Structures are given as structure tokens and as C-alpha cells.
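The block underneath contains the structure these notes are about, expressed in C-alpha cells.
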Amino acid sequence: MAKLIYSMLTSLDGYTEDKHGKFGWGVPEDEEVHSYINELTSSVGIYLYGRKMYEVMAYWETAHRIPDQPEFVLDWAHQWKAAEKIVYSSTLTEPRSARTLIKRYFDPEEIQKLKSDAEYDITVDGPELASQAIKAGLVDEFQMIMCPVIVGGGKRFFPAGVRQELELIEDRRFDNGVVVLRYAARN
């Protein structure tokens with residue numbers, strides 16, 4: 001059975017974007033961090049996105065065309081393009097990337113079946129979509145890529161009103177101040 005992983009860049013105070021919807025403070029431009037994220041996501045074969053997160057990530061469909069991209073960036077673009085993408089949106093009509101399916105709503109039973117049938121891990125990306133998976137008890141692993149910044153408000157990594165017992169399975173620090181915390185859900 002595949003794991004469902006919720007992985008996001010987050011500020012030290014737990015926000016995936018600030019109160020203005022900005023998240024550029026978390027872009028992993030550092031080769032060491034970016035390469036680690038590539039390694040961390042190498043087991044992923046399916047990405048689950050809401051519309052907004054998908055529109056941000058669709059950049060990777062053509063990132064290889066930008067001149068002078070470092071190898072670690074091209075590696076990530078290749079990984080992303082090779083994976084299946086499922087986008088949950090009531091407004092998106094056409095995908096902007098290959099290997100992409102648009103669905104109108106998130107169905108927890110469908111995701112449980114997907115986990116049972118998938119050969120590779122699955123990520124749920126974006127705090128709004130992830131909150132549905134968390135509330136349904138579907139998330140097996142949480143990956144917080146914590147950036148050394150406090151933004152003071154915005155969109156939180158975890159949804160309000162959820163209690164979940166977790167077990168730390170990895171912590172890793174990087175020279176630029178980024179800390180990655182990986183937790184397994186205790187069920």
C-alpha cells in the first residue's frame with residue numbers, strides 16, 4: 001500500500017503562505033535543500049493538488065526549457081513531469097501539464113482505494129486539500145520543510161480542530177537554517 005504524504009514548505013511559525021498569499025520566502029534555491037527534497041519525493045508517483053497549488057506547480061512542466069538551469073532543478077522537473085497529477089477544482093477546465101486528471105471534488109473513499117492500488121507514494125499538496133485528507137484520517141506521513149522565517153499569519157500548515165498523534169521519523173538541519181521534520185501518523 002502506498003503512503004499518503006503531506007509535504008509543504010512552512011515558516012517557523014507554521015504558515016505555508018503569509019497573509020498576502022506570498023510564499024517566495026520558502027522557495028528552496030539552495031542546492032543542498034533542493035536535492036534533499038528531490039530525494040524525499042523520489043518515491044512519489046502521484047501528486048494531489050487543489051487548483052491554486054497546481055497552477056503554481058505547473059511551472060515545472062516547462063522549467064527544463066529555461067536556459068542554464070542547475071542539474072538539481074532539472075532533476076526535480078523530470079521527477080514532476082514523470083508523475084501523475086490529480087487536480088481537484090470546480091473551475092479548472094483544461095490541465096496545463098501532461099499526465100494530469102481534473103476531478104471536481106475530493107472523495108476520501110477514492111483516495112483510500114488509490115492508496116491501496118498505487119505502486120508509488122502519493123502526496124497531497126496545499127493546505128486546503130491536505131486539510132480534507134487529514135480530517136478523513138488518510139495522511140500517513142507529514143513532512144514539514146521549515147524555513148528560517150516568521151511571517152506572523154496567513155495559511156496554516158495544519159487545519160484547526162484536528163488532533164493527531166505523531167511519531168518523529170526524521171529531523172534534518174541544513175546550513176541555510178532550513179529544518180525538515182518528518183512525522184508518521186499514529187493510528
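Phi-derived couplings, Karplus 6.51 cos²θ - 1.76 cosθ + 1.60 at θ = phi - 60°, listed residue by residue for region 26-40: x, 5, x, 7, 6, 4, 4, 5, 4, 5, 5, 4, 4, 5, 4 Hz, with x used for Gly and Pro. Under a 5 Å amide H cut-off, with hydrogens placed 1.01 Å from N, ARG99 pairs with nothing among residues at least 5 apart or on other chains.
Going through region 150-187, which trypsin sites (Lys or Arg not before Pro) have at most 16 other Cβ atoms within 10 Å and a DSSP loop state? Could the numbers behind the result be given before it?
On the way: sites: LYS155, ARG156, ARG163, ARG172, ARG173, ARG182, ARG186; in loops: ARG163, ARG186.
Answer by residue number: ARG163, ARG186.
Computed with a 1.4 Å probe on the full set of protein chains, the accessible area for ILE134 sits at about 10 Å².
Here MET57 sits with roughly 30 square angstrom of accessible surface, probe radius 1.4 Å. Each Cα pair of region 105-187 feeds into the Kirkwood radius, which the Stokes-Einstein equation turns, at 20 °C and 1.002 mPa s, into a diffusion coefficient of 149 µm²/s. Charge tally around GLY26: other residues with Cβ under 11 Å, Lys/Arg +1 each, Asp/Glu -1 each, net -2. Based on the alpha-carbon gyration tensor of region 1-78 and its eigenvalue square roots a ≥ b ≥ c, which shape applies: rounded if a/c is under 1.5, prolate if not and a/b is larger than b/c, or oblate? Judged from the Cα gyration tensor, region 1-78 comes out rounded (a/c under 1.5).
Run through the DSSP bridge list for the chain and note the antiparallel percent, rounded to the nearest 5.
Numbers: 16 of 40 bridges.
Among the beta bridges of the chain, antiparallel pairing accounts for roughly 40 percent.
What does the C-alpha gyration tensor say about the overall shape of region 61-162? Classify as rounded when a/c is under 1.5, otherwise prolate if a/b is larger than b/c, or oblate. Oblate is the answer for region 61-162, as a/c is 1.5 or above yet b/c matches or exceeds a/b. Per-residue SASA remark: VAL44, around 20 Å² accessible (1.4 Å probe; ligands, DNA and RNA not included).
Given R₀ = 22 Å, what would the calculated FRET efficiency be for ILE169 paired with TYR120, taking r from the Cβ atoms and rounding to 0.05?
Values: r = 19 Å, r/R0 = 0.85.
After rounding, the FRET efficiency stands at 0.75.
Of the three principal axes defined by the Cα atoms of the chain, the extents in descending order read 41, 37, 33 Å. Taking loop as defined by DSSP and a crowding limit of 14 other beta carbons within 10 Å, which chymotrypsin sites (Phe, Trp or Tyr not before Pro) in region 106-187 fit? Sparse-neighbourhood loop chymotrypsin sites (Phe, Trp or Tyr not before Pro): TYR120. The residues SER116, SER131, sorted by heavy-atom accessible surface at 1.4 Å with ligands and nucleic acids left out, run SER116, SER131 from largest to smallest.
Any idea what the dipole of the chain comes to, in debye rounded to 20, about its Cα centre with Lys/Arg Cβ at +1 and Asp/Glu Cβ at -1? Mind dumping the intermediate values first?
Numbers: 22 positive and 30 negative charges, 164 e Å.
I would put it at about 780 debye.
The values are calculated or read from the model by the stated rules, or taken from the named source; none is laboratory data. Since the structure is predicted, the reported quantities are computational estimates derived from the model, not experimental observations. Cβ sites come from the backbone with ideal geometry, for glycine too, and all protein chains shown count toward neighbours. Protein only, heavy atoms only, side chains kept; ligands, DNA and RNA dropped before computing areas. Shrake-Rupley method; radii C 1.70, N 1.55, O 1.52, S 1.80 Å.
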